[in-house]
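Here's the structure, in structure tokens; my notes come after.
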Amino acid sequence: MSNIEIIMAFDFGTKNIGVAVGQKLTCTTTSLNVLHSIAGTPDWKNIELMYNEWKPKTLIVGLPLQIDGSEQYITILSKKFAIQLKNKFNTTVEMYDERFTTLEARSNFYNQYCSKFSEKIKKNKIDSIAAEIILKSWLNTNYKLI
């Protein structure tokens, strides 16, 4: 039986939810699919499929705050999503400050892929890269490698 603890991260949005996974042992991460939301309602069927496939011990949800640290409307929706995850999967769920992750994801994506993909594919990939950046930051804060 493996001792590798899997963590799954979400970049919540009212249209798309980026998803990434990682593990604590080596602090490595991978961006996964982007799940679509309808009017802010998550795709629970696909979230459950991903959860059952990866069996994460901890779920991280990006906390979208204003630059000054104040809350905005999406902050409330993200907190609601985190509570729903906790209730649905009965596991540890943490919120993590995601300020600047979308900007960093966009920069990383364009630096790596330039104009190879359509705008729709770029947007979807950026959401999952943002989830991965949230997770990397969380891992670096909580489990720095020596």
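Coordinate-derived values only; no laboratory data. Source: prediction; values computed, not measured. Cβ placement follows ideal geometry from the backbone for every residue including glycine, while neighbour counts extend to all protein chains displayed.
Taking θ as phi - 60° and the Karplus parameters 6.51, -1.76 and 1.60, the scalar couplings of the stretch 69-80 work out to x, 7, 7, 9, 4, 5, 4, 4, 5, 5, 5, 4 Hz in sequence order, x denoting glycine and proline. Expressed in units of 2.2 N^0.38 Å, where N is the residue count, the Cα radius of gyration of the stretch 34-73 is 1.51. Each peptide in 44-53, 133-142 was scored by the mean count of other Cβ atoms within 10 Å over its residues; highest first, the order is 133-142, 44-53. Listed values for the stretch 36-53 are Karplus-derived 3J(HN,Hα) couplings in whole Hz (6.51 cos²θ - 1.76 cosθ + 1.60, θ = phi - 60°), namely 8, 10, 10, 6, x, 8, x, 7, 4, 4, 6, 4, 5, 4, 5, 4, 5, 5, and x replaces Gly and Pro. Under 5 Å between amide hydrogens, built in the peptide plane, is the criterion, and for L63 it picks out Y96, D97, E98 among residues at least 5 positions away or on other chains. Using θ = phi - 60° in the Karplus curve 6.51 cos²θ - 1.76 cosθ + 1.60, the 3J(HN,Hα) couplings for the stretch 57-62 round to 8, 9, 10, 10, 10, x Hz; x is entered for Gly and Pro.
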